[in-house]
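So the structure is just underneath, and the comments pick up after that.
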Amino acid sequence: MNTAKQLQILHEDVKPTIATRAWHRLQERIRHPALRHRIARFYAAVRPQSPVSTSPALNELLTRGIVTFPKFISDEQVIALRDALEALPCFDPWAQELGEFSCTNIPSRTHVAQIRHAPCLMLLHELASDPRLLEIAAGYFGCRPYLDSIQAWWSFSGHEQPEEAENFHRDNDSIRFLKFFLYLTDVSEVNGPHIFVAGSQVSDKLLERRRLSDEEVQSAFGKDVLCMTGRAGDAFIEDTYGIHKGQLPLEGRRLLVQFRYSLTETIFRSPIVVGGPQPQPISSVTSLIHDR
């Protein structure tokens, strides 16, 4: 298998529908987790159904909000993906006026460099269709999930203060959604590990739509704060309505891949749609990135 194979871009500026944008403005104001879950169950009832999940990981996800997958991909796949992503241009999502640049020539002000054409890599589509992930997502939503986006980005050290998502927050991408994270570099405590508050996806603490300080999160949740260190190839899936952040790296740089599974299309859906060979099993997921 050519792990670095790139799929053809069919559309490069796809926008979410008006209905999606309107629903997003409403759902992000619904803050209490129990109410969000009840609304999600009604919506799931009209979506295509999936087989009942028997995965023991589902109960862990429902309770703790996170499930880990040590060594999710092989060393060979890590190298192939990292090499392919390193060859693609980046952009700063918080300073798009900087234009595109390579991962070896990062502007000094840039904390995070996204890789626009990451959804073109065939291997990432194959990984996003992994039956383990789709079974968990379907069980979590109660229906067939959408694959809403495939993203990859670098995080860089050399900055004194955190920026944007390097501060604690809750995501509001959909009324119910999951994010899968895959490390493509080794991540220790100083390389910008993902930080997650276990169980916070069902907690009624700190529900405000804002960035949260380390002190107030520690005060509210104590020892439930998880530091997701790992080796290249390790992964985890998480309900990021729970409180989390990408820690500001103190040393080196971090390369991470993210898949978003959702109950609905989100306003953050991939603007890129590709064509080409279909990953399997395509009947278990509705991809908004791969034209069928």
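The values are calculated or read from the model by the stated rules, or taken from the named source; none is laboratory data. Please read these numbers as outputs of a predicted model, since none were measured by experiment. Don't worry about glycine lacking a Cβ; one is built from the backbone with ideal geometry, like all the others, and counts go over all protein chains shown.
Of note:
- For region 141-162, a residue qualifies if it is surrounded by fewer than 24 Cβ atoms within 10 Å (Cβ to Cβ), touching a Leu at 6+ places or on another chain (Cβ under 6 Å) and within 24 Å of THR20 (Cα to Cα), but none of them does.
- The residues of region 258-269 that are surrounded by fewer than 23 Cβ atoms within 10 Å (Cβ to Cβ) and within 24 Å of PHE72 (Cα to Cα) amount to a single one, GLN258.
- Subset of region 55-74 that is assigned to a helix (DSSP H, G or I) and within 17 Å of PHE196 (Cβ to Cβ) - its residue that is nearest to the chain's Cα centre (by Cα): LEU61
- Subset of region 195-234 that is closer than 16 Å to ARG64 by Cα and basic (Lys, Arg) - its residue that is surrounded by the fewest Cβ atoms within 10 Å (Cβ to Cβ): LYS223
- Matching entry among ARG25, ARG38, ARG21, ARG47 (being closer than 17 Å to ARG269 by Cβ, free of Cβ contacts under 8 Å to residues at least 60 places away in the same chain and not aliphatic (A, V, I, L, M)): ARG25
- Filtering LEU206, LEU182 for residues that are at positive phi and modelled with pLDDT of 95 or more leaves a single hit, LEU206.
- Exactly one residue out of ARG31, ARG41 is over 26 Å from GLY275 (Cβ atoms), surrounded by 13 or more Cβ atoms within 10 Å (Cβ to Cβ) and either in contact with a Gly (Cβ under 9 Å, 6 or more places away or on another chain) or small (Gly, Ala, Ser) (or both): that is ARG41.
- When the test is whether a residue is assigned to a helix (DSSP H, G or I), modelled with pLDDT of 95 or more and either touching a helix residue (DSSP H, G or I) at 6+ places or on another chain (Cβ under 7 Å) or within 29 Å of VAL202 (Cα to Cα) (or both), LEU124 passes it.
- Screening LEU133, LEU123 for residues that are in contact (Cβ under 8 Å) with a residue 12 or more places away in the chain and either surrounded by fewer than 24 Cβ atoms within 10 Å (Cβ to Cβ) or over 21 Å from PHE69 (Cβ atoms) (or both) leaves exactly one candidate, LEU123.
- Scanning region 148-163 for residues that are touching a helix residue (DSSP H, G or I) at 6+ places or on another chain (Cβ under 7 Å), under 30 Å from ALA45 (Cβ atoms) and touching a residue at least 24 places away in the same chain (Cβ under 8 Å) turns up at least one hit.
- Screening ILE237 on (1) over 23 Å from HIS37 (Cα atoms); (2) of a type in the set (A, V, I, L, M); (3) surrounded by 18 or more Cβ atoms within 10 Å (Cβ to Cβ) shows it passes everything except condition (1).
- Yes/no for GLY233 being in contact with a Pro (Cβ under 9 Å, 6 or more places away or on another chain) and not β-branched (Val, Ile, Thr): yes
- Screening region 58-112 for residues that are without any contact (Cβ under 8 Å) to a residue 12 or more places away in the chain and of a type in the set (D, E, K, R) and picking the one that is surrounded by the most Cβ atoms within 10 Å (Cβ to Cβ) gives GLU60.
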